[in-house]
Each structure stands twice: as structure tokens, then as C-alpha cells.
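Encoded as C-alpha cells, the structure appears first; notes follow it.
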Amino acid sequence: MKKVKILVLIGGDARFHDFQGCGKILKDFLEASGKFEVELTENRNVLVSDRLKSKDACLFYTHGEIGTECTGKKLTQEEENALLSFVKNGGGFVGIHCASIFKGNKDYLEMLGAMFITHSPFEEFSVNITNHENMITKRLQDFSIKDELYILDYDPSVQVLATAMWQGKPQPVVYLKEYGKGKVGYIALGHNADALLNPFFQKLLVRTVSSVCGFRERKPVNCAVIGYGGAFNMGKYHLDLINATPGLKGIAACDIDFRRMEVAQKDFPGIKTYTDYKDLLKNREVELIVVITPHNTHAPIAMDCLNAGKNVVIEKPMCITIREATDLIRTAKKNRVMLSVFHNRRWDGDYLTIEEVVKKGMIGDIFHIEIFIGGYGHPGFWWRSDKKISGGAFYDWGAHMIYWTLGLIPSRIKNVVGFFHKRRWHSVTNEDQCQAIIRFENGAYADIQVSSIASIGKPRWRILGEKGGIIDEWGKSSFRLNTTVHGVWAEMEIKYKPSQHGNYYANIADHLILGEPLAITPESARRVIAVIETAEKSSKNGEALPVPYER
């Protein structure tokens, strides 16, 4: 796909904004999106040169003069006229943060649609999405950012997409407007590097630039599920999530049991149903297929879907073996289709809260993690207890736990030691207890346990960092955090955030429709399978073993 050419103009009073550092951040993440070819400059002469005429859009992270406190150079008449002509004739324009500070350029401010009045203290505040239909803010949730909130004198006819509250009144944070044949966007956020590195800011800017350059969303992606079993009603669960996601639409379901397809027809009147997934693959309307079948069938079914040119989501775990995972990844790349794994518990409220505490440095760098699930009781007589079908006891909740752990420690794995026990429940073939001890290259390690013979339990999480730690029990709504605050030791209860499982399919839609990065890549899901397989091999030979694809 041809890249959009954009000019980013920076510069101004360095007492208030780090234009050099922030300009580099802007250029780096705009180019990293894969959509843009970026020219970054402080030279305003570019506005009156042929270089601007060769661009699709111009971005301002610069300012003019306002009052006596913040000094800056206004646009010359020639520069202002050239810019306005560029936009009037169909060019795109995006103003970022201080781009509304041009008191001496009234025509420019009229084009922009706003003028800076003042700003809040630099603090954390909430940004509220007020328009969920526009491409820029579709599938986005309200978020928090540490920034300056600009108070603006703005054109009431602009299309406001997001706001923040200031002294009881909503202030526009993101908006669009027309100017001649061109389109203008403004994002009031972006005071410093921390604000520019906020993932929500980056997503807003990439989408705003795309919008002013004429990008439009495509029609909804038609989706289907393979597997509509009644045990957990996962087929219905996935279709409900899909249909609740703007840009996705569930149109088909498949299960070998025709009675389950009768249930699907009742759940979703008019849905197309199949009892052979290979017949489903012939449906050209279906673009995305979700595989929700027993674990040992994930790889062969997903492989057929990929080779049929379908985008694929696989219920976790991805598959049984590292080789299967690698073959799936290679096939998806060869056929240029998407492959992802439904690690939806990456958006569990408790995990989101732990992740936030860790990322904000409240316990320092992690050096030790213990995570446990289990008790003492027979695992039941069904396919999840059959090792040939399920892969083993580690492939159920263990897959979630490993994914969580790998997300908290930003390091490659050095090796894994495994301990697998078969001591009590000989009427089924799964292990009674599995344990993987992961040693990371940064010196941290994690101990992950799944057991059906644990007569005495332990906390779900025990996380130790250099500045504090976390204890979290199953069945709670908060966890205990011990940390130091300005040198004073503190113990506190941290309430869980709400779970956000819908974010999984929102990301899938963002990826397929807008080309945004996958949150759950197949490579990240393969790491989970690699840990499990390596742990079992280690248990058999009694040695610590390296994990494939970590180097």
C-alpha cells in the first residue's frame, strides 16, 4: 500500500515544549504505523516551497505568539497564505496541542477552528469519547492521560469527538472540521514526551491523520465460528462479542452436532449454519473465522481456514505443540491473512490493575513471581481431562497464567524447569499437577503451578519487586499492595478495574479495518505453548531447557 506523505512542522519556545525530543517521538511512531512517510522540520520556509505541495497532509506541533509569557514567531503572510491554499485545495491538516497558539494569524486560527486561551495544571485527567461513530474514536473507550488540558475559544460548528471536563464544562480535546476541499483535525493533547507516548494519544493521532487524508472505513467484516458446543456456550459468547463490536458482523456458525446448529438459529435468527467446516470455508462472504473446538483440533482446522484465505482467531490455547504454532504462523504470513489467539483474559480487571501498578513503577522491577490455581479434587471425565485431546493440565488455565506472567516481565526467557506429577487421579490421563519455573535473562524468575492434588493452597499471585510487592487471592475484588511512598512503608488494598473483554475484538476490528497492530500476536501466543512444551520435556529429563524462538 502506498504510504501517505506528511510534513511535520515543529519548533517554538523551548521553555514550554521539548520540540526536538517530541518531534522525534512523533516521527517515530507515525512511521512505525507503516502508513506514513514523514518529513520533520523546523524550517517554516517549507510552507512556501514545492515540498508542501508534494505532501498529502501537514501537521503542526509548533506555535506562534500569545501574550508576553509564551513568545513565538507568527506565520508570515506568505506562509499563512500558502498553508491555507494547500488545505483549501484538498490537503489535510492536523494541529497538535500548541498549534492553537497563533494569536497573530487570525486566518490560520479560523482554518484551525480554535484559539488557545489558557491551560490546566499538568496533571492526570480523563478524556471522554463523545462520538463513537467516527472512524477516529470508534471502538475507543474513555481513558486517562497526564497532560495539560487546553482551554480553547473554538468554533462551535466543529465536529467534537472527545472532551475533558474543566470547572464543570466539557472542553474539546479532539475535533474535525472542513476547510474548502480539505479536512482539518485538532488534538489538544501532547504537552510532553509522556503525553505523546500515551498509546491512546498515538492511536488518536494516527487515525486523525488518516482521516484528514481521506481514509474511509470499509464495510463490516463478516465473521463465523467453528464450534458451538453447549458446555460453556463459547460459540454464542464469541458471536455476541463480535456483534457488539462496530465493524464486525457474525453471519455463520458451524458444529458437527446439527442440534447445536438449531440452537444457533434460535440465538441468532437468520444466521447461516453448517455441520462441516469445509463447507463453511466455501462461503466467500466469510472473512474471519473463530475456531472454538477441542485443543488438538485447533491446528488442523485453523490451517485449513488459513489456506482458504480466511483471517483466523483461535480460542486459547493456540495449539498443542511448538511445531504446530510455527506452521500456523508461517501459513498465515504466506497467505497474507491475520492470525490471532483469544487470550481474552489479558483484559481481566484484576490483571489490568496489576499491570498498571507494575508499569507505574509502584513495586519497582519485578524479580520474583508466583502464580497458582488449584485444589484437591477429581478433574472430571471429559475431553479437558484427556491428555491426547487437551494437551495436558497446563493447557487450560495454565495458558492464561503463562500469558499474564510473560506480559509482566519484559525480558526474554533464559530457560524453563518443569515438574509434572501423576500421583492420584489415574482414571484420567491429564497430569495431577504441573509446574513451570521460568528463568528470565534479566535475572527475574516465575513459578507457575496448576494442581488438582493441592490439599493446601496458596495465593493466586505473589509478586515481588525491588520496591514492594503484591498478594492477590482468588475470589477477591482487590489485592494487597506493599510499597514505599517517599520513603515511608505503606500497605494498601487496590480495587480491581472492570474487566474489558470486548477490547479483544475491538483490536481485531482495528487491525483488519484500520491496519493497527494486533494486541495478541501469534508469536506471543506461541511463547505460551513453548513454555508448556519445554516444561514437560524438562520434567522428563530433569534439566533446565532453553525455550525455542526466544533468541
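The values are calculated or read from the model by the stated rules, or taken from the named source; none is laboratory data. None of the values given here were measured: they were computed from a predicted structure. No Cβ is skipped: glycine too gets one built from the backbone with ideal geometry, and neighbour counts run over all protein chains shown.
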Scanning region 122-157 residue by residue, those under 17 Å from residue 100 (Cα atoms) and surrounded by 20 or more Cβ atoms within 10 Å (Cβ to Cβ) turn out to be 147, 148, 149, 150, 152, 154
From the option list 189, 204, single residue qualifying as within 23 Å of residue 124 (Cβ to Cβ) and either small (Gly, Ala, Ser) or in contact with a Phe, Trp or Tyr (Cβ under 7 Å, 6 or more places away or on another chain) (or both) is 189
Exercise for the section: Would you mind stating whether residue 5 is surrounded by fewer than 17 Cβ atoms within 10 Å (Cβ to Cβ), touching a Phe, Trp or Tyr at 6+ places or on another chain (Cβ under 7 Å) and modelled with pLDDT of 95 or more? Expected result: no
Those strands (runs of 3 or more DSSP E) completely within region 116-226 that have 2 or more residues that are within 30 Å of residue 250 (Cβ to Cβ) are 123-129, 159-166, 221-226
Selection from region 177-217 of residues surrounded by fewer than 17 Cβ atoms within 10 Å (Cβ to Cβ), under 30 Å from residue 313 (Cα atoms) and in contact with a helix residue (DSSP H, G or I) (Cβ under 6 Å, 6 or more places away or on another chain) yields 217
Condition set among the aliphatic types (A, V, I, L, M) and over 25 Å from the mean Cα position of the chain (by Cα), scope region 10-25, selection nearest to residue 44 (Cα to Cα): answer is 10
Please verify whether residue 20 is surrounded by fewer than 22 Cβ atoms within 10 Å (Cβ to Cβ), of a type in the set (S, T, N, Q) and closer than 27 Å to residue 203 by Cα, treating the condition exactly as stated.
yes
Of the conditions (1) in a strand (DSSP E or B); (2) farther than 19 Å from residue 362 by Cβ, the single one that residue 462 does not satisfy is (2)
Residue count, region 493-542, condition surrounded by fewer than 16 Cβ atoms within 10 Å (Cβ to Cβ), touching a residue at least 40 places away in the same chain (Cβ under 8 Å) and of a type in the set (Asp, Glu), comes to 1
Exercise. Does residue 389 fit the bill of being closer than 24 Å to residue 433 by Cβ and not polar (S, T, N, Q)?
Worked result: yes
